[in-house]
1. In nm, give the distance between the simple-model label positions of residue B:147 and residue C:132, each being 7 Å from the Cα along the Cα-to-Cβ direction.
2. If you roll a 1.4 Å probe over the heavy atoms of the protein chains, what accessible area per residue do you get for region C:1-131, in Å²?
3. Using label points projected 7 Å from each Cα along Cα→Cβ, tell me how many nm separate residue B:105 and residue C:121, to one decimal.
4. Taking the Cβ of residue A:54 as the centre, find all other residues whose Cβ is under 14 Å away and add up their charges (Lys, Arg: +1; Asp, Glu: -1).
5. Dipole magnitude of chain C about its Cα centre, charges +1 at Lys/Arg Cβ and -1 at Asp/Glu Cβ only, in debye to the nearest 20?
6. Which residue, C:90, A:132, C:139, has the largest displacement toward the positive end of the dipole of the protein assembly as shown when charges sit on each Cβ (Lys, Arg +1; Asp, Glu -1)?
7. For region C:1-40, take N as its residue count and report Rg(C-alpha) divided by 2.2 N^0.38 Å.
8. Using helices alone, what [θ] at 222 nm do you get for chain A, with -39,500 (n - 2.57) per DSSP H run of 4 or more residues, divided over all residues and rounded to the nearest 500?
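The values are calculated or read from the model by the stated rules, or taken from the named source; none is laboratory data. The model shown is predicted, which means the values in this text are computed figures rather than measured ones. Here Cβ is always computed from backbone atoms with ideal geometry, including for glycine, and neighbour counts include all displayed protein chains. Calculation scope for accessible area: heavy atoms of the full protein, side chains included, ligands and nucleic acids excluded. Shrake-Rupley method; radii C 1.70, N 1.55, O 1.52, S 1.80 Å.
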Amino acid sequence: MTFDNPVFVTYVIAATLMIIKMMGQGWITVYRMMKVGGGFLNPEDKSKGWANPKPRPGQLDPDDYVERSRRMHRNELENVPTFLVAGLLFVWTQPALLAAQVLLYGFVVTRLGHFWAYATAKPHEVRATFFSFGSLITIGMAIYTLIYAIQ
Amino acid sequence: MTFDNPVFVTYVIAATLMIIKMMGQGWITVYRMMKVGGGFLNPEDKSKGWANPKPRPGQLDPDDYVERSRRMHRNELENVPTFLVAGLLFVWTQPALLAAQVLLYGFVVTRLGHFWAYATAKPHEVRATFFSFGSLITIGMAIYTLIYAIQ
Amino acid sequence: MTFDNPVFVTYVIAATLMIIKMMGQGWITVYRMMKVGGGFLNPEDKSKGWANPKPRPGQLDPDDYVERSRRMHRNELENVPTFLVAGLLFVWTQPALLAAQVLLYGFVVTRLGHFWAYATAKPHEVRATFFSFGSLITIGMAIYTLIYAIQ
C-alpha cells in the first residue's frame, strides 16, 4: 500500500477524482442559489448581505434548479463514500492491475455519466443505467473483498 | 494492517458487510419505486420507458412506502461512513481481537436490527435502541483511538 | 502510516474529532425531538412510549428547531466523509508536518465554526465562510494527492 504500487496509485487517482467531483456538487448548489437568488434553506439567509445582495419574498421556497443540484448531491452521498472505502479495501487484496483499473476508473466514468444525465435531465433510463453500473462495481468490489477476507 | 492479522480481517468483514447493506438500501428504494410506479423525484421520470412502463398522474408525489426506504437510507448515510473510518483507525491501534470482534460485529448486528425495526415499522423505542448502540460503538471507537493517538 | 509518525497522528486526531462531532449531531437531533416532543419522521413514532411520553397531534409536522439540526447534519454528511478519506490519502503522500497540521486542524476549526454559526443562526455570510474554507481544504488536499499520484 504505497505509491510505488500501480494498483494503489490507480485507487488514489480514482478516489481523489471522486472527492473533487462530490465536493464540486456543493459549489454547483452555491452557484445555482446565487444565480436564482433563492432556494435558500434557513430563515437567516433572507437577510441582505454579499450572499444575498437583492432580498425578495419567496427566497426560502424550493427552486427546482437548486433542488436538482441537491438531489444530485444526495446521490453522490449515497454512492461515493462507500466507493472510497470499498475501493481502498479492494486494492488491499492486491488485485490484478487491469481489474483494478477497469473497476475503479469504470466507477469514475459511471459517475461522470450520471452527473451529465442528471444535470441535463436525460430520460430516467439513462441516469438509472449509469447509477446501476457504478453501484454494482462498489457492491462487486465489496463482495470480492469479503470473500477474500473470509478465506 | 494486512490480511494475516485477524483484527484487520475482522474489520474488513464488518466493513464490507456494511457497504453491501448500505448499497442494498438504494436498490430497495428502486424496487419500491418500480412496485408502486411512483415516488419519483424528477420531472423527467414521468416519461414512459422501461423504468416507467405505465405513466400516471401523481408519480412525483411522495409515497410513504418509497420514502421509508429513503429515510432508512439517510440513517445509513449518517452512521455507516463514519463507522467505516472509525473502525479502520481503531484496528490501526492494534486492539485485542475480542474487543475488535465485539465492537465491529456488534455494530453490524445493531444495523441489521435497525434495518429490521425500521422496515417493519416497529415502535420507535426498538429502532432507537438499535441506533443508540451502533452510534455509541462508533463514538466509543473514535474516543479510544483519539486517546491512543494523543498519548 | 503508523502511530510513530506525527503526520499520521495529526490525521488520526483530526479524523476522530470530526467523527465524534458528526455522530454528536445525531444526538443533538434526538435531544431536540425529545425537548419539543415532535419533529418525528415516522407514523409509528406517534405511539406512546419512553421515546414519546406525551403523544399529541402534530408530532409528525416539521419543527424548525429539529429541522435545523437535520440540516446541520446533512452539511456534515456533505463534508466530513470526503475529508476523512482525502486526509488519509494526503498523509499517505508524506507531507510536511506543519502543512498537515495547518490543513487537518484547520478543517476541524472551520467545522466547529460552521457548527457555531449554524446552531446560533448567524448571518449566511458567516456560515458560508466557514463552509468555504473547510471545503477548499478538502479539495486542495485531494488535488495535491492526485497530482502526487499521477507524477
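1. Between residue B:147 and residue C:132, the simple spin-label model gives 4.1 nm.
2. That works out to 40 Å² for each residue.
3. Each label point lies 7 Å from its Cα, and together they span 5.0 nm.
4. Details: positive: A:35, A:46, A:48, A:56; negative: A:45.
Overall, the nearby charge balance is +3.
5. Values: 14 positive and 10 negative charges, 104 e Å.
Charge dipole of chain C: 500 debye, to the nearest 20.
6. A:132
7. Numbers: Rg = 16.3 Å, N = 40, 2.2 N^0.38 = 8.9 Å.
For region C:1-40, the normalised Cα radius of gyration comes out at 1.82.
8. Details: 4 runs with 110 residues, N = 151.
Taken over chain A, the calculation gives -26000 deg cm²/dmol.
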